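Just below is one structure, and these are the notes that go with it.
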Amino acid sequence: MVARMVVSEGSGGPFDLINGIPVHPLVVHAAVVLVPLTALGLIAMAIWPRFSARYGWLVVASGVVAAVSSFAAKESGEALEDRLTEPGFDHAELGELMPIFAAVLLIAVVGLWLIDRSTPAEGPAPRRGLRIAVAVVGVVIALGNLLWVYRVGDSGAKSVWSGKVAASESQGGSGDRDEDSD
């Protein structure tokens, strides 16, 4: 069953349209790339303190942009949902939580980076214990973000593409092209 999209009057605003194109598909890709990149960066920081001390600022910067783009994707998704019918599946509900996941990821990255910048890995035992605890919690948060961004993205892709590819294949798979016209 193919979901029908009904275009209605939109709410306007900064997250609605840019030159007549919905903002959501324009900004969502930043979150889809930067949240996993930040999560993988956090895992690398947890495993290699020297990586954290040297390149942690890049992971922090990636985390900031990931959190902002996750928020922009959520807000623009809500604006798009106002223009169209329900997105289907559970995409809107899953997407509501993505900025929270990204913000917690950013907090974990900043925490680990600050610990690694302030004390060498061979530092006092209490500081090592704190680093290990933050690193373990950070890895769990990173894995949760990887899973969640996959779930949100998968449900979004299904809401956009389900039925369209199958319909295209049932029409001969050529789409709008007429291969016999040459």
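The values are calculated or read from the model by the stated rules, or taken from the named source; none is laboratory data. What you see is a predicted model; the values in this text were computed from it and never measured. A quick note on method: Cβ atoms are made from the backbone with ideal geometry, for glycine too, and the neighbour counts reach across all protein chains shown.
Looking at the range 19-60 only, could you name the residues that are among the basic types (Lys, Arg) and either in contact (Cβ under 8 Å) with a residue 60 or more places away in the chain or under 20 Å from Leu143 (Cα atoms) (or both)?
Arg50
Any residue at all in the range 72-90 that is closer than 22 Å to Ala61 by Cβ, surrounded by 14 or more Cβ atoms within 10 Å (Cβ to Cβ) and either at pLDDT below 80 or out of contact with any Phe, Trp or Tyr (no Cβ under 7 Å at 6 or more places or on another chain) (or both)?
yes
Quick one: would you say Ser62 is under 12 Å from the mean Cα position of the chain (by Cα) and within 11 Å of Val109 (Cα to Cα)?
It is true that Ser62 is under 12 Å from the mean Cα position of the chain (by Cα) and within 11 Å of Val109 (Cα to Cα).
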